[in-house]
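Quick notes on the structure that follows.
The values are calculated or read from the model by the stated rules, or taken from the named source; none is laboratory data. Predicted model, so just to flag it, every value in this text is computed and none were measured. Neighbour counts are summed over all protein chains in view; Cβ atoms, including those assigned to glycine, are modelled from backbone coordinates with ideal geometry. Just the protein is used for accessible areas: all its heavy atoms, side chains included, with ligands, DNA and RNA removed. Shrake-Rupley method; radii C 1.70, N 1.55, O 1.52, S 1.80 Å.
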Amino acid sequence: MTARTKEYAKSLFVIVFICLFMGLALAAVHAVAQPRIDHNDYRKLETAVTDMFGAGVSFEQMTPDDLPRTTTALYEIRADGAVRGYVAYLETKSGYGTSTFVLGVDAESGRVIDLRAISYGDSVDCGADYYREFSDKDKGEVDLVASASPARYTRAAVRDAVSEILSYLDRHHCLKGDQP
Amino acid sequence: MKQSRLQCFLKGLLTENPTLVLVLGTCPTIAKSNTLFNALGLGVCTAIVLILSNVVISALRRVIPDKVRIPCYILIIAGFVTMIQMSVHAFLPTLYESLGAFIALIVVNCIILGRAEMFASKNGVLDSLLDGAGMGVGFILSLSAMALIRELFGAGQLFGYDVPFFAAYHFPILQKTFGGFLVFGIMIAVVSAVTGGKAPRRRSFDCASCPNAAVCSGAAICGESDTADKTDKEEGAQT
């Protein structure tokens, strides 16, 4: 074995050792942090559902295998046994990362009740700016094709995600009244 | 010995402040010094990563081969940043949302890689810990001082609460990026005036101690730099 080969072997060994060491440390932190992250997300969902549909509703995760690619989870909202609406987790990949939004849809009218940002992949301002604009509109009457702004990529991605879930609900006859 | 360890810690606060004297980590400094909450959060996260990476790199300095030292440092730093990111996401979600991508961007913060290369790779664990702590506290102080000025005079608030008088009379431009550069420039000027405008110099540098000496063709340049340093010192001694 030449000196150069030994040097390469030592370098490789050190890199693998550091990877293993950091990997173990990361696994330990992940084991502690992930349940808490899941809990925080659940609380956010709970708050969003209460704000959108009022207190006293129950929600249950649906597990269809053909959800749109932008929807990571879909929940059915029930009150007194009847379906009141749906809440979808929308993930939009835009800008520098992935942003997550919660979309509420009323089953009776088929209209969007609310859309709120949960996490922002690129910038807090992009999501917050979009959310403010949405909130100012009448329920469901959202001009998703917004003017050019720093958040235009996020807006376009969110527009596509909302359209996808609305047409999905429509296709699966989840909406009872006016179609979006 | 104790004095030199004290100096290891204290130099990062003012004389070798990473932000205002060494002018490292400028991007997060300007981007996230718009509020005190962001500044303190980012400062503490960076300081923790700095201390931990300094300690581990110092402990492994004799094991890490010279030719792969930078990838090894990046691996260590990236690991700690991911741990901090997960922890902040889990236990401080408001701060996580507020800082956004800037927590992950600590990986490419020049202060951390700079201290790993300049200090931790050449000194013992305790000294590196003190150096990391000093530099970390220095970063927190400079970031917080900038945020204090920008939030108070730019938004009339502190930690999001209105401050009497300033709430009515403030300059919103200080909250913008332009304001960040302006305040940053003024603070560098102030610190330069306080420290006498003496940027830290390399105290000793010769080709024999350089890890790249065998493959480097710039010996003449290094020699010139060395000579220039000596000339400066001689001139300083004469005056």
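Computed values, structure above
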item: Largest to smallest accessible area among B:V68, B:V108, A:V105 [probe 1.4 Å]; result: B:V108, B:V68, A:V105
item: Buried on assembly, segment B:79-112 (at least 30 Å² less accessible surface than by itself, 1.4 Å probe); result: B:M83, B:M86, B:H89, B:A90, B:F91, B:E97, B:A101
item: At 0.890 mPa s and 25 °C, Stokes diffusion of segment A:1-97 via Kirkwood alpha-carbon radius, µm² per second; result: 138
item: Segment B:42-196: C-alpha pair distances exceeding 21 Å, %; result: 55
item: Heavy atoms of B:F171: accessible area, 1.4 Å probe, square angstrom to 10; result: 130
item: Å² per residue, accessible surface of segment A:1-95 at 1.4 Å; result: 62
item: Approximate spin-label separation A:N40-A:H173, in nm, with each point projected 7 Å along Cα-to-Cβ; result: 4.2
item: Accessible surface, per residue, of segment B:5-195 when the full set of protein chains is kept, probe 1.4 Å, Å²; result: 43
item: R0 of 22 Å, Cβ-Cβ distance A:E7-B:V63: FRET efficiency to nearest 0.05; result: 0.95
item: Complex-versus-alone comparison for segment A:33-51, residues with a loss of 20 Å² or more in accessible area, probe 1.4 Å; result: A:A33, A:R36, A:I37, A:N40, A:K44
item: Cα Rg, Dmax (largest Cα-Cα span) when computed across segment B:63-105, Å; result: 13.6, 41
item: Total accessible surface hidden between B and A, rounded to 100 Å², 1.4 Å probe; result: 2000
